[in-house]
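The values are calculated or read from the model by the stated rules, or taken from the named source; none is laboratory data. Computed from a predicted model, the values in this text were never measured in an experiment. All Cβ positions, even for glycine, are placed from backbone atoms using ideal geometry, and neighbour counts span all protein chains on display. Please note that ligands, DNA and RNA were not included when accessible areas were found on the heavy atoms of the full protein model with its side chains. Shrake-Rupley method; radii C 1.70, N 1.55, O 1.52, S 1.80 Å.
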Amino acid sequence: MDSKVSNGASPQDERTTSLLVFSFLQSCPHSRCRQELEMLGHKLPVRAAYDDELQTDGNWCSHFRGEGATETDSETQEEVVRDIARQLAQIGDRMECSISPGLVAGLAAQFSNTSLSEEDRRRCLAAALQQLTRLYPADVDREKTLLLLTLLVAKKVADHSPAVLQDVFHTTVTFINQNLLAYVRNLVQNEMD
């Protein structure tokens, strides 16, 4: 599968979303897909220098370098996106129990079905997320909840079936860029200000 995600988002948006999803998945210290995640890091359109360094907080360390950005700007935005991913992972830990094993197994089976197109996978993900968002009160920030659930579902499906990590990753990046791009942009911009 091609590592570029084509969905109308700018190359910078794709790098930011890819970094967010990748960093979120990396922030899960007990992940069963550690090896697949390392391989994915080497294939991303944003090159990851995956140094396999375990930090004192239990997270793995790696670094993305965006093309065309100055070293300082790239490092600043990279660190902001990584911080956002870590914060989302901490919040996600409390929400994780709302995702049933049956939903995860069903999505894993759909992602394993090689006859499904990227669009079909995205629809399956969207349907699962719609089902999950009904569990949360309407007064909770809908976009934040949807982003968290999207990342959590990706993590759980990848942990359930590590072989589908690349498909899960690309579908998740596409889904976020199509449905939550403005929210992610604002989240990053607010943290950088």
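Of the residues D159, D193, only one is over 14 Å from the mean Cα position of the chain (by Cα) and surrounded by fewer than 21 Cβ atoms within 10 Å (Cβ to Cβ); which? Spell out the reasoning first.
Values: D159 fails: over 14 Å from the mean Cα position of the chain (by Cα).
Within the list D159, D193, the selection yields D193.
Mind listing whichever residues of segment 12-31 are in a loop (DSSP other than H, G, I, E, B) and out of contact with any Lys or Arg (no Cβ under 9 Å at 6 or more places or on another chain)?
Hits for segment 12-31 are P29, H30.
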Problem set entry | Restricting segment 90-103 to residues that are aliphatic (A, V, I, L, M) and open to solvent by less than 40 Å² (accessible area, probe 1.4 Å), the residue that is modelled with the lowest pLDDT | M95
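Might you let me know whether segment 75-89 holds any residue that is in a helix (DSSP H, G or I), within 24 Å of H160 (Cβ to Cβ), open to solvent by 80 Å² or more (accessible area, probe 1.4 Å) and at pLDDT 55 or above? Steps first, answer last, please.
First, the residues of segment 75-89 that are in a helix (DSSP H, G or I): 75-89.
Now narrow it down to the ones that are within 24 Å of H160 (Cβ to Cβ): 85-86, 88-89.
Imposing the further condition that a residue be open to solvent by 80 Å² or more (accessible area, probe 1.4 Å) reduces the set to none.
No, segment 75-89 contains no residue that is in a helix (DSSP H, G or I), within 24 Å of H160 (Cβ to Cβ), open to solvent by 80 Å² or more (accessible area, probe 1.4 Å) and at pLDDT 55 or above.
Each row is one residue, and each column tells you yes or no for (1) modelled with pLDDT of 95 or more; (2) part of a loop (DSSP other than H, G, I, E, B); (3) acidic (D, E); (4) over 16 Å from the mean Cα position of the chain (by Cα).
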position: A105; (1), (2), (3), (4): yes, no, no, yes
position: T114; (1), (2), (3), (4): no, yes, no, yes
position: R123; (1), (2), (3), (4): yes, no, no, yes
position: Q130; (1), (2), (3), (4): no, no, no, yes
position: Y136; (1), (2), (3), (4): no, yes, no, yes
position: E143; (1), (2), (3), (4): no, no, yes, no
